[in-house]
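Notes follow the structure.
The values are calculated or read from the model by the stated rules, or taken from the named source; none is laboratory data. Here the structure is a predicted model, which is why all the values come from computation and not from measurement. All Cβ positions, glycine included, derive from the backbone under ideal geometry; neighbour counts span all protein chains shown.
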Amino acid sequence: MAVPRALVLTGYGINCDRETAFAFEQAGAEARRVHVNDLIDGHDRLDRYQILSFPGGFSYGDDIASGKVLANRVKTHLDDAIQRFIEGGGLVLGICNGFQVMVKYGLLGSPQGVVEAQRSTLTYNDSSRYEDRWVHLLPEKGRCVFTRGIEKLYLPVAHGEGKFFTDPGTLAGLEAAGCVVLRYADEEGRAAGGRFPWNPNGSLNDIAGVCDPSGRVFGLMPHPERHLHFTQHPLWTQLAEECRRAGRRLPEEGHGMAIFRNAVTYFTD
Amino acid sequence: MGTRIEAAIRPDLPDPRGNRFRKRIRDDYGIRVDAIRILDVYHVDKDLDEENLERCRRELFTDPVTQHSSLGPLPGKAFDWIIEIGFLPGVTDNVGHTSREAVEDLLGISFQPGESVYSAEQILLVGALTEDQVRKIASIRHNPLIQRAWIQCRADWERDPIDGRFYAPKVRLAPSRRIDTVDLNVDDKELARLGREGILDPGEDGRGAARGPLALDVPTLKVIRDHFNRLGRDPTDIELESIAQTWSEHCKHNIFAARIDEVDSLYKTYIQGATRKIRERLGNDDWCLSVFRDNSGVIRLNRDWSVCYKVETHNSPSALDPYGGAITGIVGVNRDPLGTGMGARLIVNTYGFCFGDPYYVGSPYYRLPGRRDPVLHPKVIFEGVREGVEHGGNKSGIPTAWGFLTFDPRYMGKPLVFVGTVGLLPATLHGRPSHEKGAQPGDRIIMAGGRVGKDGIHGATFSSEAMHAGSPATAVQIGDPITQKKLADAQIEIRDLGLYHSVTDNGAGGLSCSVAEMARECGGCTVVLDRVPIKYEGLLPYETWISESQERMTYAVPPQNVDGFCDLMRRRGVEATVIGEFTDDGRCVVEFEGRRIMDLDMEFLHDGVPQKVLKTTYTAPDHPEPEFPEPEDPAGTLGRMLGRLNLCSKEYVVRQFDHEVQAGSVIKPLVGRYQDVASDAAVVRPLLDRTDGIGLSHSLYPAYGDIDPYWMAACAIDTAIRNLVAVGAVPERIALLDNFCWCSSDDPERLGQLKRAARACYDFAVAYGTPFISGKDSMYNDFKGFDEDDRPVKISVPPTLLISSLGILEDVTRSVTLDAKMPEDRLYLLGTTRDELGASEYYALAGEALEGERFIGKRVPTVDADSNAAVYRALHRAIRQGLVSAAASLGQGGLAVAASKMALAGDLGMEIDLSAVAVEPGGLRADRILYSESQGRILVAVAPENEDPFLAGFEGLACRLVGRIHEEAFLRIRGADGAPYLEQSLENLREAYKKTLWW
């Protein structure tokens, strides 16, 4: 199949769009940053793309609640197009604020898939503090397209409202449906068990990322687009010394690339 | 008529915001509150029917999973005390602004002028509290300059609940269209008053009300008077206000431009002079592209890209409203690269905070006698400034990748808040160098971004005056990062389409400075003030002209591109308005309601300011060199050093700044196995598909100025360079920025110190070949007020020179961090250690312990630039060859602190033999070797197999093997006599390093 086209949304305070587009390009997609208003006004159309990405950022300054206002804007004006896109087999990826947008929109966070009213939420970290720190992540085996074949991930989180929260019924439903695909862990690969700082925000069941029942719609709080290069790893100078002395070649790529590559190979393989 | 909507976390769920606030109250004030809940309140000031209001409540203002909400007050609130905090009229309300836009979008309606949404916060307190305690709690959460707080106990609330009211802080101004002329043919006393207090508006009681300082002195006002007398008329108020803005200390740097003793301008002679000399020497290899003439300094990154950098201060506003001052500062300095050349993309933010002791327990100071208008506690300033920079950077999507905190009791009256931004420009745009720009006659003047209100009127002149009780509260503003983000994104799109000829930012002085500045490019301008979009009715014309309302840029757009420009801005949610035209008639003209209310000669406006003539004196301080015994507990002393405010980990602050957005981070501000140790510099890769990078560091040694400002400046320059070399920057590709924050600059003695510092800037920039590319000064950082007993108090900051450094790295994959990498790596100390502990952190510690006051002494570190430069070049060669596994620059706290940081970061112990350290002839006591702050030194780790080639590069240079890294988690130091001197576990050192600043 031809090179898939990825639409990376911009505007209103989205701010990780450049590096997200770069990640898709590196993975082999043709990425285009498109302002949300250009979709609303018809300057561009979602059906020209196979992948839709809601990047990280601070849409509307996190005012009222993170992701809420952009979710409302997109839902008010583009709901039909987005539902058609998902039903038509497109992939959707939300990162950090993009994940918050998708959960508050109702695209994620329910075992039933897209729902009218949001069933889960991303709320204030238990610390009530914005923090930038690196976390260990364990993907669950399942149908999520984006995490296929990934054993572990080391990525940064940078958020103040990243605690995944929902009612017990929905949580059980998400777990049962295999929608929980990424959890916070410690450096040994054990479940974080809610412990800070391994679970950086107090998320229920250490949830860092969820997908919809199809596995094609995925969102996560950590930033895979901030670990594309080996030199983004906080300990890369240490690892480089180890490699050099062991006569191994320096890795060039960071852990986050795998997620974007999975999205592209879904269409090309 | 409006409606109040309240939303809160459900009572069965914890409220993290409330809990954090509860902890803060307990930590800072020792007040125990049983429970705190924080509610969000929205006052929708528009007639909406019940169905629509209900829809907004449900779909917009409530998180259905965690919150409950209501139209009107939430029922069943549990509290003993209730506090509600809302903004004062005219204060930027970002949440309110977003709410309004969101309601419009959701309901498909438009708000009419005068209609809006206002946000507020409600705090429910449970516990047996006194009214005084509650007032104290409210005072941490609100600032009376910008907010109103209402407090009620349960009983009062039951009678007349404050949350039953509707609060719409609408701005109401009597419409006024007066254009006054100002008679300058008055006596000197009245001229002096005019300059100090401003133009008098006729008051209702017949007495005049001063508009606020023009900050013009009598000789300058006489120059203006003579000019208008020659024209045969009086100036209009807007003309005089405009001149005051353009000629302000803030804009024209009158002190740095003055003839000062025999020197014709410190700035031209020493700062610009150094750069000129270096550029001449570089000849064809000159990598400075645009320095000292635009909003930031531009240098070459590589053939295709340039970088620009500007560091600003926002001290006075941050003293009054730390959050608003700091966020306005950082969002404001963003506009400098945005307005440099054809406009840069913003890639890194930097910060620097100089605060009083956050643990200060002494009596407060007051701006007014009778214990009125207290100075904010250093911790309140700390937290407010930190949060302002957090929001300003994080919400703008710019990594706050580098910064510092410095503490000194003398920053208690006025903190220093430095904010910087690096921008990235393509080397050329549409076939022209992008660092050049030029408005053309006939181009339309377009203002884009936010609207104009009374915000920050007299901001430029305000910062030129020492702070006193009459300082206008209108100097306080709150930046809106999202409005600016939209504008900045749109500008890049429009720039790349080539739709404008020139751009500059609206900062100090607002339109009066931005338009007049751009008009120099073509030779004139005409502005039609009626067209400027305003926030609310009732602004006087001069206010619209000089208002410093934030998030605005001014563009020169050729007529044929106006539609395309405005259309794209509109599609990006940004308001853009044609407000006039650039001309070439040599006049700066403003029209209002068909009348010409300002018509100034461009040459007079820009070059008419008379050069000040200043005299200096200088008395060398004479503090005795302290004599004290060697510490009995060297390990404990090291722990106390690491825990000192100036040396301890700033992880608490750094983590709350997003330092990784844009995905360029290579060396982060925190390094090491646990990412908890401060690095010496940050390295950023601006282009994700290339490996060249930029390094950022800084240095300041305000304490050294107590001995000699000359060496204070020299050491700051040496350290700012050395820190970059240690991470791998090319020593020949380092640029510097200067920020002078002085005090009492009308005192010849202070000016004498200034002159010495400026001369050192020239001497050492030239010696290292590191040009200054931009700079800024803030000359009156003094607080004048009263103590509890009404005795006058003056607190002046120590003369402070911040040197910020920006260096180029050819290949970021070769950069070096300071963490110890492998056991058995050898430790080499580069440079010579001298008995230079004057004004050091160690002397401060010893003095405080022994005599309750820091020791200062005489032997301030000096700088031997030639020797140091040779070492830096050799180290750079070694780094390029991959021979260095770790490098830590020695600064405050000297060898002991650098070694501790290297060990803590790598989580590996080390042993160091002080008898192997190269010291000055005669030898030194162990504690002096450990804590000397001699410049030019770097601790370097080298793998055993690399020792030979490494040493070959250092032949003839000061480079000594002083120890090795080992696996045991202990730092062991042998004394000058070779005997064991100090042993401490990494665990203890880490605790000491981290516990001071964590709350």
Looking for something surrounded by fewer than 22 Cβ atoms within 10 Å (Cβ to Cβ), within 14 Å of chain A (Cβ to nearest Cβ) and on the phi > 0 side of the Ramachandran plot - is there at least one such residue anywhere in the stretch B:670-692?
yes
Selection status of B:Gly807, out of contact with any Ser or Thr (no Cβ under 7 Å at 6 or more places or on another chain) and either on the phi > 0 side of the Ramachandran plot or assigned to a loop (DSSP other than H, G, I, E, B) (or both)
no
Residues that are over 22 Å from B:Lys454 (Cα atoms), among the hydrophobic types (A, V, I, L, M, F, W, C) and touching a Leu at 6+ places or on another chain (Cβ under 7 Å): does the stretch B:125-136 have at least one?
yes
Counting just the residues of the stretch B:976-989 that are buried (at least 18 other Cβ atoms within 10 Å of the Cβ) and at pLDDT 95 or above, which one comes out nearest to the chain's Cα centre (by Cα)?
B:Leu989
Do the conditions hold for A:Glu187, that is, is it surrounded by fewer than 24 Cβ atoms within 10 Å (Cβ to Cβ) and part of a helix (DSSP H, G or I)?
no
Given the condition within 23 Å of B:Lys310 (Cα to Cα) and part of a strand (DSSP E or B), answer yes or no: does some residue in the stretch B:706-722 qualify?
no
Check B:Asn19, B:Asn52 and return the single one that is among the polar types (S, T, N, Q) and within 31 Å of the chain's Cα centre (by Cα).
B:Asn19
Selection from the stretch A:195-205 of residues that are touching a Lys or Arg at 6+ places or on another chain (Cβ under 7 Å) and buried (at least 24 other Cβ atoms within 10 Å of the Cβ)
A:Pro200, A:Asn201
Matching residues in the stretch A:99-116 - criterion: being in contact (Cβ under 8 Å) with a residue 60 or more places away in the chain and buried (at least 24 other Cβ atoms within 10 Å of the Cβ)
A:Phe99, A:Gln100, A:Met102, A:Val103, A:Leu107, A:Leu108, A:Gly109, A:Ser110
So which of B:Arg520, B:Arg495 ends up being basic (Lys, Arg) and either surrounded by fewer than 20 Cβ atoms within 10 Å (Cβ to Cβ) or not in a helix (DSSP H, G or I) (or both)?
B:Arg520
Only one of A:Gly162, A:Gly178 is more than 30 Å from B:His391 (Cα to Cα) and more than 10 Å from chain B (Cβ to nearest Cβ); which?
A:Gly178
Would you check if A:Leu220 is within 14 Å of chain B (Cβ to nearest Cβ) and on the phi < 0 side of the Ramachandran plot?
no
Restricting attention to the stretch B:112-143, the residues that are closer than 23 Å to B:Glu6 by Cα, at pLDDT below 95 and part of a loop (DSSP other than H, G, I, E, B) number exactly 4
Some residue of the stretch B:950-971 being assigned to a helix (DSSP H, G or I), within 24 Å of B:Ala869 (Cα to Cα) and not aliphatic (A, V, I, L, M):
yes
If you check B:Thr637 against the conditions, is it part of a helix (DSSP H, G or I), away from chain A (no Cβ under 14 Å) and touching a residue at least 40 places away in the same chain (Cβ under 8 Å)?
yes
Tabulated pairs, the stretch A:127-149, first within 30 Å of B:His391 (Cβ to Cβ) and away from chain B (no Cβ under 14 Å), second part of a loop (DSSP other than H, G, I, E, B) and at pLDDT 95 or above, C-beta under 8 angstrom, 6+ apart or interchain:
A:Leu137/A:Pro222
Wholly within the stretch B:341-389, which strands (runs of 3 or more DSSP E) include no fewer than the required count, namely at least 3 residues that are buried (at least 21 other Cβ atoms within 10 Å of the Cβ)?
B:345-355
Could you count how many residues in the stretch A:250-269 are free of Cβ contacts under 8 Å to residues at least 60 places away in the same chain and either within 12 Å of chain B (Cβ to nearest Cβ) or under 15 Å from A:Leu153 (Cβ atoms) (or both)?
5
In the stretch A:241-269, what residues are aliphatic (A, V, I, L, M), touching a Phe, Trp or Tyr at 6+ places or on another chain (Cβ under 8 Å) and at pLDDT 95 or above?
A:Ile259, A:Ala263, A:Val264
Out of B:Asp811, B:Asp777, B:Asp787, B:Asp782, I need the residue that is within 14 Å of chain A (Cβ to nearest Cβ) and among the charged types (D, E, K, R). Which one?
B:Asp811
Quick one: which of B:Leu221, B:Leu194, B:Leu240 is in a helix (DSSP H, G or I) and either under 30 Å from B:Ala35 (Cβ atoms) or in contact (Cβ under 8 Å) with a residue 40 or more places away in the chain (or both)?
B:Leu240
Pick from B:Arg20, B:Arg26, B:Arg32, B:Arg4: which is surrounded by 14 or more Cβ atoms within 10 Å (Cβ to Cβ) and either in contact with a Pro (Cβ under 9 Å, 6 or more places away or on another chain) or more than 27 Å from B:Tyr118 (Cβ to Cβ) (or both)?
B:Arg4
Any residue in the stretch B:595-612 that is under 22 Å from B:Gly397 (Cα atoms) and either small (Gly, Ala, Ser) or touching an Asp or Glu at 6+ places or on another chain (Cβ under 8 Å) (or both)?
no
Of all residues in the stretch B:78-92, which are within 16 Å of B:Arg4 (Cα to Cα) and either surrounded by fewer than 18 Cβ atoms within 10 Å (Cβ to Cβ) or charged (D, E, K, R) (or both)?
B:Glu84
Which listed residue is without any contact (Cβ under 8 Å) to a residue 24 or more places away in the chain, in the same structural domain as B:Val126 (by TED's automatic domain parsing) and touching a strand residue (DSSP E or B) at 6+ places or on another chain (Cβ under 8 Å), from B:Val65, B:Val41, B:Val95:
B:Val65
Evaluate the following for B:Ala992: is it in contact with a strand residue (DSSP E or B) (Cβ under 8 Å, 6 or more places away or on another chain), surrounded by 23 or more Cβ atoms within 10 Å (Cβ to Cβ), touching a residue at least 40 places away in the same chain (Cβ under 8 Å) and not in a loop (DSSP other than H, G, I, E, B)?
no
List pairs: first residue in the stretch A:224-243 and facing chain B (nearest Cβ under 7 Å) and closer than 17 Å to B:Gly672 by Cα, second residue among the hydroxyl-bearing types (Ser, Thr, Tyr) and assigned to a helix (DSSP H, G or I) anywhere in the structure, Cβ distance under 8 angstrom, at least six positions apart or on different chains.
A:Thr231/B:Thr813
Does the stretch A:56-78 contain any residue that is within 10 Å of chain B (Cβ to nearest Cβ) and farther than 27 Å from A:Gly162 by Cβ?
no
